[in-house]
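Peer 1: Here it is: the structure, laid out below.
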Amino acid sequence: MARIFITGSADGLGQMAARLLVADGHRVVLHARHANRAREALAAVGGAETAVFGDLSSVAEMCSVAEQVNTLGSFDAIIHNAGIGYRERRRVATVDALPHVFAVNTLAPYVLTALIRKPQRLVYVSSGMHQGGDASLRDLEWNTRRWNGSQAYSDSKLHDVILAFAVARLWPDVRSNALEPGWVPTKMGGPGAPDDLEAAPRTQVWLATSDDAAAAVTGEYFYHQRLRRPLPAARDPEVQERLLSACARLSNVPFPGMRCRAASAHP
């Protein structure tokens, strides 16, 4: 059985994936924004091993989460599930003066990938909306562009695919893939979302644990356990390098992992 860490697993698809993994006999470590939420997450997912906590809108707390995870030892797979949606009507600045959507959806998986000890498998939860993302990577901080919450979300979900493919290229010993779970009626997706909620967490579970030949790949993009064509620019090494460089600059965390220079927020 595998040991898996899932970001953003206090509710929604992350929690659903955690329950499926525990039911299959795997060891699962959860993640929530703060300590009280982490305790609630453990109560909601009976059989989970433990939970770490940290607000992934803060670079310091991203680093704290990585430290907590590394203290727990090695993992077979990490599912980068944490994310926020597309309904922010204005540019919400984080403690690091970055757009909230970019910090949580793009920078956090980058920092955690760079700092957490390499697992055998990495799974990045993206969205079909990544197809509308801006592959130019222009103005990632939304300093000059007029704010558009939907575009910011699409950009961030494209970044997740780019990151997954960059890792697959740079770390051939790690299976790194991305997926879209569909538009499902979670807190983020809203009650009117039309896709199958029950099917939504299964691809990430499959990619994290399955020995099926179809899951034993790297640098691919999936929807409901089937290959789907991503935005072609995500496969461009130049685009990948530019995103990695930008994330390294904005987080002060080089790729691959080195000790984070931001002060830890974890007590």
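The values are calculated or read from the model by the stated rules, or taken from the named source; none is laboratory data. Small disclaimer: the values here were computed from a predicted structure and weren't measured. Backbone-built Cβ (ideal geometry, glycine too); neighbour counts: all protein chains shown. Calculation scope for accessible area: heavy atoms of the full protein, side chains included, ligands and nucleic acids excluded. Shrake-Rupley method; radii C 1.70, N 1.55, O 1.52, S 1.80 Å.
Peer 1: Could you pull out every whole DSSP H run in the chain that spans at least 27 Å of Cα extent along its own axis and averages 0.0 or higher on the Kyte-Doolittle scale?
Peer 2: Correct list, ordered by number: 149-170.
Peer 1: Quote the relative contact order of the chain in percent (integer), defining contacts as alpha-carbon pairs under 8 Å separated by 6+ residues.
Peer 2: It rounds to 19 percent for the chain.
Peer 1: Next question. Could you sort HIS34, HIS26, HIS224, HIS130 by their accessible area in this structure, using a 1.4 Å probe and putting the largest first?
Peer 2: Per-residue accessible area, sorted high to low, gives HIS34, HIS224, HIS26, HIS130.
Peer 1: Okay, next question. Using per-residue counts of other Cβ atoms within 10 Å, averaged over each peptide, order 91-100, 47-56 from highest down.
Peer 2: Output ranking for 91-100, 47-56: 47-56, 91-100.
Peer 1: State the answer as a single residue: which of ASN81, MET1, GLN131 lies farthest towards the positive end of the charge dipole of the stretch 1-140, with beta carbon charges of +1 for Lys and Arg and -1 for Asp and Glu, about the Cα centre.
Peer 2: Comparing the listed Cα positions along the dipole, GLN131 ranks first.
Peer 1: Right, another one. Non-local amide H neighbours of ALA51 (under 5 Å, H modeled in plane, Pro and chain starts lacking H): which ones?
Peer 2: Amide H neighbours of ALA51: LEU30.
Peer 1: Right, next: What are the residues whose amide H is under 5 Å from the amide H of ASP134, where those residues sit 5 or more places off or on another chain and H is modelled from the backbone?
Peer 2: The list, which skips near neighbours in sequence, is ASP155.
Peer 1: Please give the solvent-accessible surface of GLU180 in Å², to the nearest 10, using a probe radius of 1.4 Å with every protein chain present.
Peer 2: That residue has around 20 Å² of solvent-accessible surface.
Peer 1: While we're on this one: Which cross-chain or sequence-distant (5 or more) residues have an amide H under 5 Å from the amide H of SER176, H modelled 1.01 Å from N in plane?
Peer 2: Residues meeting the amide H criterion: LEU122, GLY219.
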